[in-house]
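First the structure, in the form of structure tokens, and then the observations on it.
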Number of protein chains: 2
Amino acid sequence: MTFQLSEVIEVLERTPKILEQYLVGLSDGWLESNEGEGTWNPSQVIGHLIDAEKYNWIPRLELILSETSDKKFPPFDRFSHLQQYHDWTIEEKITKFSSVRAENVAKLKEMIKDQNQFEMTGIHPEYGEVKVRELISTWAVHDLTHISQITRVMAKRFDVAVGPWKSYLGILNKS
Amino acid sequence: MTFQLSEVIEVLERTPKILEQYLVGLSDGWLESNEGEGTWNPSQVIGHLIDAEKYNWIPRLELILSETSDKKFPPFDRFSHLQQYHDWTIEEKITKFSSVRAENVAKLKEMIKDQNQFEMTGIHPEYGEVKVRELISTWAVHDLTHISQITRVMAKRFDVAVGPWKSYLGILNKS
């Protein structure tokens, strides 16, 4: 499959709107449900998405496209958001995520001038050399992963409630 | 966990809005992608959700609450939608799903007058005796299952595109 930036942007632009419809106004029972100790509830997932916008995708892309010779990505702290946004309401988190995402999509469109940039590389701390097109594709799939996580966490809350239907509902049998 | 009808309704009312933000205006590459032969693309999933509104949840609930002594659910055809909505646009499908869902949530609120109804039972063709509260819980989790399916199908389209990140993105390693 040929890499199409426009297809990635379709997903990136939708995610904040999907999450707004999904989570704003939802009762605390849903927003605070998780999959057990050390797992995130739907509200905490949004904190992680905000941090990924601030510290991960665009900063990494900027590093790759910059003149710097050291292309090694700084590590991304995937847990600091648990403290940082601890007392934010879901509305505040979604508003912040929507605005930082919109800024970043605008930056992305601005930064990519030419298809050859898709093949430029940076050095991921674990995976080694990664391409711009892989980074941008992962940005979209990362959104989908976390929409899926929110959906699964919510479904599992009704794990017992569905009675004998559990075996038929695949989502209840996943981690 | 105590069964709370209001929590189920929160999910039932959100699903059409989530799916509208997710799918309306999305390009065909995304809408027509599936997980291989015999699997559904995101647009086909909406056809299935329309049929479940028409033939499954509310008709079964009506049967349980009715005076009829034969409480056996008629079987639900999970595949006829593939022909029936074959030439509908995604906008047409989402509009239909939204309207039939709104009617059904109104019926649900109208039909449930009293907590004792939650324990009333019908006979599922495969699972045998099932309770009203299990049927209603399953209705909501069925929505979540199909939101999850759409998300997974879309993510898998970028299975190769994400390069070395694949191992880290759990959604790409699920069926």
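The values are calculated or read from the model by the stated rules, or taken from the named source; none is laboratory data. Note that this is a predicted model, so its numbers are computed, not measured. So basically every Cβ, Gly included, is an ideal-geometry build from the backbone, and we count neighbours across all protein chains shown. The protein model used for the area step is the full one, side chains on, heavy atoms only, and it has no ligands, DNA or RNA in it. Shrake-Rupley method; radii C 1.70, N 1.55, O 1.52, S 1.80 Å.
Sorted from shortest, what are the nm distances separating the label point of residue B:84 from equivalent points in the other copies, each placed 7 Å from Cα along Cα to C-beta?
Once sorted, the set of distances for residue B:84 reads 4.8 nm.
How large is ³J(HN,Hα), in whole Hz, for each residue of the stretch A:104-117 in order, when computed from phi with the Karplus curve 6.51 cos²θ - 1.76 cosθ + 1.60 and θ = phi - 60°, using x for Gly and Pro?
6, 5, 4, 4, 4, 4, 5, 6, 8, 9, 7, 4, 5, 4
As a test of reading the structure, rank A:91, B:134 by solvent-accessible area (1.4 Å probe, protein chains only), most first. Working shown, then result.
Numbers: A:91 85, B:134 25 Å².
Descending order: A:91, B:134.
With chain A treated as a Gaussian network of Cα nodes joined by springs under 10 Å, which of A:79, A:118, A:97 yields the largest mean-square fluctuation?
Its mean-square fluctuation being the largest, the pick is A:79.
How high is the FRET efficiency from residue A:76 to residue A:28, r the C-beta distance, R0 30 Å, rounded to 0.05?
Numbers: r = 29 Å, r/R0 = 0.97.
So, using R0 = 30 Å, E works out to roughly 0.55.
How big, on average over all directions, is the shadow cast by the Cα convex hull of the protein assembly as shown, in nm²?
Numbers: hull surface 73.2 nm².
With the hull built on Cα positions only, its mean projection is 18.3 nm².
Could you work out which residue, out of A:34, A:104, A:116, moves most in a Gaussian network model of chain A, that is, has the largest mean-square fluctuation with Cα springs under 10 Å?
Most flexible of the set in this elastic network: A:116.
Per DSSP H run of n ≥ 4, the term is -39500 (n - 2.57); total these for chain B, divide by its residue number, and report the mean residue ellipticity at 222 nm rounded to 500 deg cm²/dmol.
Numbers: 7 runs with 97 residues, N = 175.
The helix-only estimate for chain B comes to -18000 deg cm²/dmol at 222 nm.
Over what distance in Å are the Cα centres of the stretch B:98-175 and the stretch A:1-60 separated?
The distance from the Cα centre of the stretch B:98-175 to that of the stretch A:1-60 comes to 20 Å.
Suppose a student asked you for the relative contact order of chain B, using Cα pairs under 8 Å spaced at least 6 residues apart; what percent would you report?
Numbers: 159 pairs, mean separation 52.1, N = 175.
30 percent.
Give me a single rounded figure for A:10-22: the average over its residues of other chain Cβ atoms within 10 Å of their Cβ. Before the final figure, lay out each step's value.
Working: counts 6, 7, 0, 1, 7, 2, 1, 5, 9, 2, 3, 9, 8.
Averaged over the peptide's residues, the number is 5.
Spin-label point model (7 Å from Cα, Cβ direction): what's the residue A:102 to residue A:65 distance in nm?
Once both label points are built, they end up 2.1 nm from each other.
For peptide B:130-141, what's the mean number of Cβ atoms from other chains within 10 Å of each residue's Cβ? List each step's numbers first, then the result.
Details: counts 4, 3, 0, 3, 8, 3, 3, 8, 9, 2, 6, 15.
Neighbouring Cβ atoms belonging to other protein chains average 5 per residue here.
Calculate the spin-label point distance for residue B:115 paired with residue B:84, positioning each point 7 Å from the Cα along the beta-carbon direction, and give it in nanometres.
That separation, rounded to one decimal, is 3.7 nm.
With point charges of +1 on the Cβ of Lys and Arg and -1 on the Cβ of Asp and Glu, referenced to the Cα centre of the protein assembly as shown, which listed residue (A:48, B:80, B:168) lies farthest in the positive direction of the dipole?
The one lying farthest along the dipole's positive direction is B:168.
Among B:68, B:151, B:95, which one shows the biggest mean-square fluctuation in a GNM of chain B, springs joining Cα atoms closer than 10 Å?
Looking only at B:68, B:151, B:95, the largest GNM fluctuation is found for B:68.
I'm checking a number: the convex hull volume of the Cα atoms of the stretch A:5-144, normalised per residue, in Å³. What is it? Write out the running numbers ahead of the final one.
Details: hull volume 15.7 nm³, N = 140.
It is 112 Å³ per residue.
Report the full-extension gain for the segment residue B:129 to residue B:13: residue separation times 0.36 nm, less the Cα-Cα distance, to one decimal in nm. Let's see the in-between values first.
Details: separation 116, 0.36 × 116 = 41.76 nm, distance 2.72 nm.
Residue separation times 0.36 nm, minus the Cα-Cα distance, leaves 39.0 nm.
What's the average, rounded to a whole number, of partner chain beta-carbon atoms within 10 Å of each residue's beta-carbon in A:30-37? Please list the in-between numbers first.
Details: counts 4, 0, 0, 1, 0, 0, 0, 0.
Shielding by partners across A:30-37 averages 1.
Copy-to-copy spacing for residue A:24, label 7 Å out on the Cα-to-C-beta vector, in nm, shortest first?
Label-point separations across copies, in nm and ascending: 1.6.
Tell me, what ³J(HN,Hα) does each residue in the stretch B:40-48 have, in order and in whole Hz, if you take phi through Karplus 6.51 cos²θ - 1.76 cosθ + 1.60 with θ = phi - 60° and put x for Gly and Pro?
So the J values, rounded to whole Hz, are 9, 8, x, 5, 5, 4, 5, x, 4.
Arrange the residues A:3, B:73 by how much accessible surface each exposes, largest first, with a 1.4 angstrom probe. Could you put the intermediate results ahead of the total?
Working: A:3 35, B:73 5 Å².
The ordering from most to least exposed comes out as A:3, B:73.
In nm, what does the list of distances from residue A:128 to its counterparts in the other copies look like, shortest first, when each label sits 7 Å along Cα to Cβ?
Nearest to farthest, the other copies are at 5.7 nm.
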